[in-house]
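Before we start, here is the structure in question, set down as structure tokens.
The values are calculated or read from the model by the stated rules, or taken from the named source; none is laboratory data. These numbers come from a predicted model, not from an experiment. When we count neighbours, we look across all protein chains shown, and the Cβ atoms used for this are built from the backbone with ideal geometry, even at glycine.
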């Protein structure tokens, strides 16, 4: 059925979806997020707000000087996996108030072992390719374990 604006007075509905990018308090906003130890400290603060028994993927957005612009919870999964839709991540990056220049991907392993799986490595590769195509720098993919273990794809030379 076609919509004829000259004869149909039914208002057109537009659905607007919201994206929530979390920005930290002004005291910590804008601080450089570079190097795996700083990324891990920043990520732990974000993951402290999420259920520990679920795997979550969180993207951190930074500007051209690697200053923190906020983070976005990309996906929540079960105890051993999480499905990541990169389109949602990039939509959030493009709509973030601030000049997003680079993305840091983080996720947790509820098992406590941060060793990357085959799927983790594949996600890192897909993310690198997508960032290249979208014009973003992909700084790192960090996997958090428990209590203070972590794995940086960048530091261990696994980045694309």
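Quick check on this structure: which one of 112, 98 is assigned to a loop (DSSP other than H, G, I, E, B), surrounded by fewer than 16 Cβ atoms within 10 Å (Cβ to Cβ) and out of contact with any helix residue (DSSP H, G or I) (no Cβ under 6 Å at 6 or more places or on another chain)?
Result of the check over 112, 98: 112.
Among the listed residues 74, 33, which satisfies the condition of being closer than 22 Å to residue 131 by Cα, at pLDDT below 90, touching a helix residue (DSSP H, G or I) at 6+ places or on another chain (Cβ under 8 Å) and surrounded by 15 or more Cβ atoms within 10 Å (Cβ to Cβ)?
33
When you go through (1) in contact with a helix residue (DSSP H, G or I) (Cβ under 8 Å, 6 or more places away or on another chain); (2) at pLDDT below 95 one by one for residue 58, which number turns out not to apply?
(2)
Please tell me if residue 130 is surrounded by 18 or more Cβ atoms within 10 Å (Cβ to Cβ) and in contact (Cβ under 8 Å) with a residue 24 or more places away in the chain.
Answer is no for this residue.
Condition first: in a strand (DSSP E or B), touching a helix residue (DSSP H, G or I) at 6+ places or on another chain (Cβ under 7 Å) and within 13 Å of residue 39 (Cα to Cα). Can you find one or more residues in region 149-159 that meet it?
Among the residues of region 149-159, at least one is in a strand (DSSP E or B), touching a helix residue (DSSP H, G or I) at 6+ places or on another chain (Cβ under 7 Å) and within 13 Å of residue 39 (Cα to Cα), which makes the answer yes.
Out of everything in region 115-137 that is at negative phi and assigned to a loop (DSSP other than H, G, I, E, B), what residue ends up being nearest to the chain's Cα centre (by Cα)?
Filtering first and then ranking leaves 136.
Yes/no per residue for (1) touching a strand residue (DSSP E or B) at 6+ places or on another chain (Cβ under 7 Å); (2) in a loop (DSSP other than H, G, I, E, B); (3) farther than 17 Å from residue 140 by Cβ; (4) touching a residue at least 60 places away in the same chain (Cβ under 8 Å):
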{"site": "43", "(1), (2), (3), (4)": "yes, no, no, yes"}
{"site": "46", "(1), (2), (3), (4)": "yes, no, no, yes"}
{"site": "51", "(1), (2), (3), (4)": "no, yes, yes, no"}
{"site": "54", "(1), (2), (3), (4)": "yes, yes, yes, no"}
{"site": "58", "(1), (2), (3), (4)": "yes, no, no, no"}
{"site": "84", "(1), (2), (3), (4)": "yes, yes, no, no"}
